[in-house]
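All remarks here apply to the structure that follows.
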Amino acid sequence: MAIEELLTGLNSQLNREVTTFLRYMLQAANIKGAQWQSVREMYQAEVTDEVGHAQYLADQISMLGGTPMLQPDLSPPPADVREMLTNDIREEQTDVKNYTRLAALAEKEGLFALKMKMEEQAADEDEHRQAMQRLLG
């Protein structure tokens, strides 16, 4: 039973990561003004990181016998940079919680490499959150 819950959670997080890299790509493209250049660069750099997270999740879903399913949220991101950062800080906090839960499920299944990778990705998302908080001021 836990493997089904794990696969569902991995697919859910896969969709969050795909949604995130699409949102970050659009946000970076839409940011204007020299005062926000560091935010634009941060979002551009994070796109690659989030794609890596998504690829790992898709690979693990397949390895565990599941099928990666994509249904990303394609809602337009906010135009205001402060609103972008505020929303993304909240999203990163949710990702940390999700990855922590996935780590616990992986441990129940004896999937220790997956457990450790989920913990690593939780830490990575928390670092993203901290960077965004610094940029927000």
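Any read-out appearing in this document is the output of simple, stated calculations on the displayed coordinates, not a laboratory observation. These figures come from a predicted structure and were not determined experimentally. All Cβ positions, glycine included, derive from the backbone under ideal geometry; neighbour counts span all protein chains shown.
Estimated purely from DSSP H runs of n ≥ 4, each contributing -39500 (n - 2.57), the mean residue ellipticity at 222 nm for the chain is -28500 deg cm²/dmol once divided by its residues.
Ordered by the count of other Cβ atoms within 10 Å of each Cβ, fewest first, R90, R101, R16 give R90, R101, R16. For the chain, the longest principal axis of the C-alpha atoms and the axis of helix 2-30 are separated by about 20°.
Taking Q93, Q37, Q121 in turn, the Gaussian network model of the chain (Cα-Cα springs below 10 Å) assigns the largest fluctuation to Q37.
Among Y43, Y24, the order by Cβ neighbours within 10 angstrom, fewest to most, reads Y24, Y43.
Listed options for semi-axes √(5λ) of the Cα gyration tensor in Å are (1) 22, 18, 13; (2) 29, 15, 11; (3) 43, 21, 14. The value calculated from this structure is the one marked (2). For K32, the aspartates and glutamates whose Cα falls under 15 Å of its own Cα, not counting residues fewer than eight places away in the same chain, are E41, D80, E83.
Using the Cβ-Cβ distance between S12 and S38 with R0 = 30 Å, the FRET efficiency computed as 1/(1 + (r/R0)^6) comes to roughly 0.45.
Axis angle, to the nearest 10 degrees, between helix 81-108 and the longest C-alpha principal axis of the chain: 10 degrees.
What order do you get for T67, T86 when you list them from fewest to most C-beta neighbours inside 10 Å? Walk me through the intermediate numbers first.
Working: T67 9, T86 15.
Ranked by crowding around the Cβ, least crowded first: T67, T86.
Tell me, what is the percent relative contact order of the chain, built from C-alpha pairs under 8 Å that lie six or more residues apart? Once divided by the residue count of the chain, the mean separation gives 30 percent.
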